[in-house]
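Here the structure is laid out as structure tokens; the discussion comes afterwards.
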Amino acid sequence: MTRSIDSILTAYPSSDGGGPDRTRLLDMLHDLQGDRGWLPEEDLRALAEGLDTTYLDVVETASFYHLFHLEPAGRHRLHLADTVVARMNGYDEVLEALQRETRAPLGGVSDDGEFGLFTTPCIGLSDQEPAMLIDDVVFTNLKPKRIRRIVQALRDGASARSVAVPGDLPPDTREYVESLVETNVRTRGPVFFRPRVTPAEGVVAEALALAPQEVIERIAESELRGRGGAGFSTGLKWRLAASAPTPRRHVICNADEGEPGTFKDRALLTRTPELVVTGMIVAAHAIGAQSGILYLRGEYAYLEPYLEGQLQWLRQRGLLGRSIGGREGFDFDIRIQLGAGAYVCGEESALIESCEGKRGTPRLKPPFPAQVGYLGEPTCIDNVESFVAVARIIEEGSHWFHSMGTEDSTGTRLISVAGDVDRPGIYEIEWGTSVEHVLHLVGARDPYAVQVGGPSGDCISVAHESTRRIAFEDLGCNGAFTVFDSTRDLLGIVREHMKFFVAESCGICAPCRIGNSVLLDRIDAVRAGRASQRDLDDLERWGTLIRRTSRCGLGATSAKPVLTTLRAFPDVYRRQLSTDTGPLLATFDPSAALDDYLRVAAALTEPNTEAAR
Ligand code: SF4
């Protein structure tokens, strides 16, 4: 039975009793799409009316996210991850099989309305690609033969869930999650994935035995830095939030693990969700927060029932809700906010906008979220890995944590290893570990280049830079470590990464919106042998300009695929340069320009012809 708009609206009441809560628009859109399979205009208009806002306001949010469909998208929606690693592992054959078996065109719906076929950026499964989502359920290690079986089963009426996990495993169990996805933890270090000694109750009691200021000092002494990429001091951030003169504060866990090639948070959420939440409770005590949000990327929707179950279990144990740990007045609870596919929402202020039911447009800073964040109130946002580290620091002490790593990068970190290696998966390494040590550890095959930290990180040459260290003072890795052997098309990889940034730019500022497209065009010209040295100089200039003038971290790092490969692999670019030094610029393609001219001329003279179109 079709769910009514009223029942969707009333599921999210405002805390002041004044009707449905506009800030929960993302949840409402998820509910609507879950019911209808897409977001029909008349329903969005009804939703807008119920929220006392405009249809355009609702569409503005819905149209921002890749996973929302404003057109019919099929009874089953298939999103194949289009990533560099998938393309190394048979992506083209899988896509071809999907088109053949579903009879759906890419980006469209099959004539019988059964299947919608789409591509999507990385879905956090680079250790087991090609991979795809079907109606929020993940399918990994895809092969054409398996595609035939999956599509046939769906056509015969099976649900995506029953095809992926035969049997009756409840979706809120770890067994179910691990039947869908291999967790792939390869090494256990001192901090993560340890067999549990102290239960969550013990860690929370330890934190509550300290005054909030003492907790902040303990975290500050450990010199823990954010694991999401920017590496900001966690203690400093907490101090800032705690000192804001306001009674209401929030803690947000950033589980929007969107950097292509990264999947470590997926494993932490699967194996140690209790520690993630424990870290959030500690943060709430330290800064005086009453509410928490776990922002889960839309691609990890299959984890949501399991995580909801974990939160419920913690509530039953008195660790969430009122009087946490028996402490009168310490009230704190967490809700899960499901994202809907937008890389930029990994940026903290964009993530806050998304939590408030809006487009993920990054805010101007300052003020920082620790001062003015969610609902305009001080908010601490930390990464999944950071919260686990917080819980372990409370358990073992700041000196223990500080004794590991390097001067500027204390402790250990998790890396997600993928690409041309024998043992892809998750590894815990001490900060300061060299690239060559990691390559040895993971069984790298003929390593030529390593993308450290995903597309927004550095691409380094194994021949010349393998002694570099993974540490904020050298390679400040955000968790991805992707290896490419000497047969890989490096410029093709750069192209894919730039294509990703062009698609993911929110478009609010010109350097990022326009500049990344210019870089992509120039890379295409280089690959086509239509570029000169002057174009390489332009790449450098444009890249630097985008980096320095963009509003947020996406623009500040989006040129890195170009800039870091230009520096590490200059010969790869030079080999492609045009040798023709005639009167025309090398990048000028006369036949393409003539095509454009002919099209315009045809449109002017015969507007209804195929050529004009
Ligand atoms: Fe948006 Fe890019 Fe500007 Fe960031 S840098 S605000 S993603 S346009």
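Residues of segment 334-371 that are away from the ligand (no atom under 14 Å from the Cβ), crowded, with 21+ Cβ neighbours inside 10 Å, at negative phi and part of a loop (DSSP other than H, G, I, E, B): 339, 340, 369, 370. Of the residues making up segment 96-127, just one is open to solvent by 20 Å² or more (accessible area, probe 1.4 Å), closer than 16 Å to residue 139 by Cα and among the hydrophobic types (A, V, I, L, M, F, W, C), namely 118.
Taking segment 197-214 as the range and being in contact (Cβ under 8 Å) with a residue 12 or more places away in the chain and in a helix (DSSP H, G or I) as the test, the residues that pass are 200, 201, 202, 203, 204, 205, 206, 207, 208, 212, 213. Exactly one residue out of 275, 268, 314, 307 is assigned by TED's automatic domain parsing to the domain that holds residue 210, in contact with a Lys or Arg (Cβ under 8 Å, 6 or more places away or on another chain) and not in a loop (DSSP other than H, G, I, E, B), and it is 275.
Here 162, 243 are screened, and the one residue that is within 29 Å of residue 345 (Cα to Cα) and among the hydroxyl-bearing types (Ser, Thr, Tyr) is 243. Looking for something open to solvent by 60 Å² or more (accessible area, probe 1.4 Å) and at pLDDT 95 or above - is there at least one such residue anywhere in segment 189-198? Taking every residue of segment 189-198 in turn, none turns out to be open to solvent by 60 Å² or more (accessible area, probe 1.4 Å) and at pLDDT 95 or above. Can we say residue 470 is out of contact with any Lys or Arg (no Cβ under 7 Å at 6 or more places or on another chain) and open to solvent by less than 10 Å² (accessible area, probe 1.4 Å)? So residue 470 passes the test. Using the structure shown, decide if residue 540 is part of a helix (DSSP H, G or I) and over 24 Å from the mean Cα position of the chain (by Cα). For residue 540, the condition - part of a helix (DSSP H, G or I) and over 24 Å from the mean Cα position of the chain (by Cα) - is met. Under the condition of being farther than 23 Å from residue 497 by Cα and of a type in the set (Val, Ile, Thr), the residues counted in segment 122-137 number 2.
Could you look through segment 231-251, keep only residues that are in a loop (DSSP other than H, G, I, E, B) and closer than 27 Å to residue 471 by Cα, and pick out the one that is least open to solvent (accessible area, probe 1.4 Å)? Out of the qualifying residues, it is 231. In this structure, residue 524 qualifies as closer than 24 Å to residue 448 by Cα and either more than 16 Å from the ligand (Cβ to nearest atom) or surrounded by 15 or more Cβ atoms within 10 Å (Cβ to Cβ) (or both).
In segment 470-520, the qualifying residues are those that are of a type in the set (S, T, N, Q) and more than 16 Å from the ligand (Cβ to nearest atom), and the one that is farthest from residue 406 (Cα to Cα) is 487. Of all the numbered requirements in (1) surrounded by fewer than 17 Cβ atoms within 10 Å (Cβ to Cβ); (2) within 11 Å of the ligand (Cβ to nearest atom), residue 545 misses one, and that requirement is (2). Does residue 584 meet the test of being outside any helix (DSSP H, G or I), at pLDDT 90 or above and more than 14 Å from residue 498 (Cβ to Cβ)? Considered against the rule, which asks whether it is outside any helix (DSSP H, G or I), at pLDDT 90 or above and more than 14 Å from residue 498 (Cβ to Cβ), residue 584 comes out as no. The set of residues in segment 384-406 that are open to solvent by 20 Å² or more (accessible area, probe 1.4 Å) and either aromatic (Phe, Trp, Tyr) or under 23 Å from the mean Cα position of the chain (by Cα) (or both) contains only 400. Here 434, 505 are screened, and the one residue that is among the polar types (S, T, N, Q), closer than 25 Å to residue 362 by Cβ and open to solvent by 20 Å² or more (accessible area, probe 1.4 Å) is 505. Is it fair to say residue 376 is open to solvent by 40 Å² or more (accessible area, probe 1.4 Å) and more than 16 Å from the ligand (Cβ to nearest atom)? Here the answer is yes, as residue 376 does meet what is asked.
Tell me, please, whether a residue that is outside any helix (DSSP H, G or I), within 16 Å of the ligand (Cβ to nearest atom) and either out of contact with any His (no Cβ under 6 Å at 6 or more places or on another chain) or open to solvent by 30 Å² or more (accessible area, probe 1.4 Å) (or both) can be found in segment 560-572. Checked against the condition, which is being outside any helix (DSSP H, G or I), within 16 Å of the ligand (Cβ to nearest atom) and either out of contact with any His (no Cβ under 6 Å at 6 or more places or on another chain) or open to solvent by 30 Å² or more (accessible area, probe 1.4 Å) (or both), segment 560-572 yields no hits at all.
Here is a yes/no grid of residues against (1) crowded, with 20+ Cβ neighbours inside 10 Å; (2) in contact with a Phe, Trp or Tyr (Cβ under 7 Å, 6 or more places away or on another chain); (3) closer than 16 Å to residue 330 by Cα:
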| position | (1), (2), (3) |
| --- | --- |
| 217 | no, no, no |
| 229 | yes, no, no |
| 277 | yes, no, yes |
| 282 | yes, no, yes |
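In this structure, residue 105 does not satisfy being touching a residue at least 40 places away in the same chain (Cβ under 8 Å) and of a type outside the set (Ser, Thr, Tyr).
Per the listing 47, 56, 70, the residue uniquely part of a helix (DSSP H, G or I) and open to solvent by 50 Å² or more (accessible area, probe 1.4 Å) is 56. Looking at residue 467, is it outside the structural domain of residue 278 (by TED's automatic domain parsing) and within 29 Å of residue 361 (Cα to Cα)? Considered against the rule, which asks whether it is outside the structural domain of residue 278 (by TED's automatic domain parsing) and within 29 Å of residue 361 (Cα to Cα), residue 467 comes out as no.
Among the residues of segment 18-35, not a single one is open to solvent by 60 Å² or more (accessible area, probe 1.4 Å) and of a type in the set (Ser, Thr, Tyr). Consider residue 25 carefully, then state whether it is touching a Lys or Arg at 6+ places or on another chain (Cβ under 8 Å) and outside any loop (DSSP other than H, G, I, E, B). Answer is yes for this residue.
The values are calculated or read from the model by the stated rules, or taken from the named source; none is laboratory data. The structure displayed is predicted, hence computed values, not measured ones. Cβ: placed from backbone, ideal geometry, glycine included. Neighbour counts: every protein chain shown. Keep in mind that these areas ignore ligands, DNA and RNA; they rest on the heavy atoms of the full protein, side chains included. Shrake-Rupley method; radii C 1.70, N 1.55, O 1.52, S 1.80 Å.
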